[in-house]
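The values are calculated or read from the model by the stated rules, or taken from the named source; none is laboratory data. On a predicted model such as this, the values are computed, not experimentally measured, just so you know. Note: ideal-geometry Cβ built from the backbone for every residue, glycine included; neighbour counts use all protein chains shown. The accessibility values were calculated without ligands, DNA or RNA, using every heavy atom of the protein model including side chains. Shrake-Rupley method; radii C 1.70, N 1.55, O 1.52, S 1.80 Å.
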Amino acid sequence: MNASSDRDLIVLARRGDAGAFGELVTRYQVNVFNVCYRILHERGEAEDLAQEVFIRAYNRIHTFDIEREFGPWIRRVAANLCLNHLESQKVTTEINDEQDADPAQLPEAVQEVRERSEQIHQAMSSLPAHYRVIIELRHYQELTYDEIAVELNIPLSDVKSHLFRARKILAEKLHAPDR
Amino acid sequence: MHLTDEQLNEYLDEATNERAQIEAHLSSCDECAARLSTLQNVFAELDSLPEVALTRNLAAPFTPRPSLPAQLPKFLTLTVTLQAAVALTAIIIAAPFIAQLIPVLELSSLSSVFIQLQTQWASWLDTLSQFQMPTLPTIPFELSSIYLMSAVVGVFMLWLVGNGLLLRNQIK
Ligand SMILES: [Zn+2]
């Protein structure tokens, strides 16, 4: 039982074993949360959405194709759910002052890394929702242009133009002399 | 002619079939090489983003109810035993009637045993059917007892098979 495959756990979950699904959640929750965090850039909201992803996945576990890999699937589900969430909100959660630990107490090196990722998050959160999701799918989930087009149900030409434009914006934001 | 943004992006995404031409141009053009390196920086920045830790356990809503798994098998075995006993009784009751209903098969040795059993059961059933007789006086009692028993046996068998299938799925 200590090293059940994802597949075994899905089979058990389908028979109503919530604990088996809980084990899957334990395996992928950080992954899924980070997908949501990279798209939403707000920790609490990202955790809520990640929870929602797993609840939905559990309710639809019977529709999951057992031959597919669970990890990539759940991360794509997460990206899509975040996109829907952002689009339903319509209010761009522009640059949340996300400062959860007070930086003065941290060592300088850690502070620098933290500040830089802060800047990256801020740059990304300035992008339109569908740009963020395309960045997520290409850079973090490593989908091809075609796979992204299928996943988001948009033309290949849009995938490319959105992705390239998103990178251009990020380059401008991140490499501008002092943001 | 400089490289387009599209060419540079596709080059870094490894989604181009003009790799050789692009590389040839990059090696001879500082301007495009600089544009490529700017783009590469974005890739590196995105890669550098660290994973963030959760502040709560998302698996919490999916914990198994602890009492249920221990109780369920016991309950199931009890049901199985009960059903087996009932089914056995049903078969014993049914056997003489089946033998009587299909004498064509001529299971001489077996049927003699069955007939012996049958007479015993028939006498018991006589009392049973006499008990029910007053309400249905017009129907010949021997026929009615056979039909009654066949119906009872049929229901028992259906019950056994149906529940057996259901339980087998759960145990598996
Ligand atoms: Zn050039």
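Can you name the residue in segment A:58-69 that is within 14 Å of chain B (Cβ to nearest Cβ) and open to solvent by less than 70 Å² (accessible area, probe 1.4 Å) and is also farthest from A:Cys36 (Cα to Cα) among such residues?
Of everything passing the filter in segment A:58-69, A:Ile61 is farthest from A:Cys36 (Cα to Cα).
Which fully enclosed helices (runs of 4 or more DSSP H) of segment B:1-69 have 3 or more residues being more than 14 Å from the ligand (Cβ to nearest atom)?
Values: elements: B:5-12, B:19-28, B:30-48.
Ranges flagged: B:5-12, B:30-48.
So that you can scan it fast, the table gives a plain yes or no per residue for (1) at the interface with chain B (Cβ under 7 Å from one of its Cβ atoms); (2) open to solvent by less than 20 Å² (accessible area, probe 1.4 Å); (3) polar (S, T, N, Q):
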{"position": "A:Gln111", "(1), (2), (3)": "no, no, yes"}
{"position": "A:Glu115", "(1), (2), (3)": "no, no, no"}
{"position": "A:Ile120", "(1), (2), (3)": "yes, yes, no"}
{"position": "A:Ala123", "(1), (2), (3)": "no, yes, no"}
{"position": "A:Val133", "(1), (2), (3)": "no, yes, no"}
{"position": "A:Val150", "(1), (2), (3)": "no, no, no"}
{"position": "A:Asn153", "(1), (2), (3)": "no, no, yes"}
{"position": "A:Arg167", "(1), (2), (3)": "yes, yes, no"}
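So which residues in segment B:14-42 are at the interface with another protein chain (Cβ under 7 Å from one of its Cβ atoms) and among the hydrophobic types (A, V, I, L, M, F, W, C), if there are any at all?
From segment B:14-42, those at the interface with another protein chain (Cβ under 7 Å from one of its Cβ atoms) are B:15, B:38-39, B:41-42; that's our starting set.
The answer is B:Ala15, B:Leu39, B:Val42.
Out of everything in segment A:37-57 that is open to solvent by less than 10 Å² (accessible area, probe 1.4 Å) and more than 10 Å from chain B (Cβ to nearest Cβ), what residue ends up being farthest from B:Val52 (Cα to Cα)?
Going through the qualifying residues, I end up with A:Ala57.
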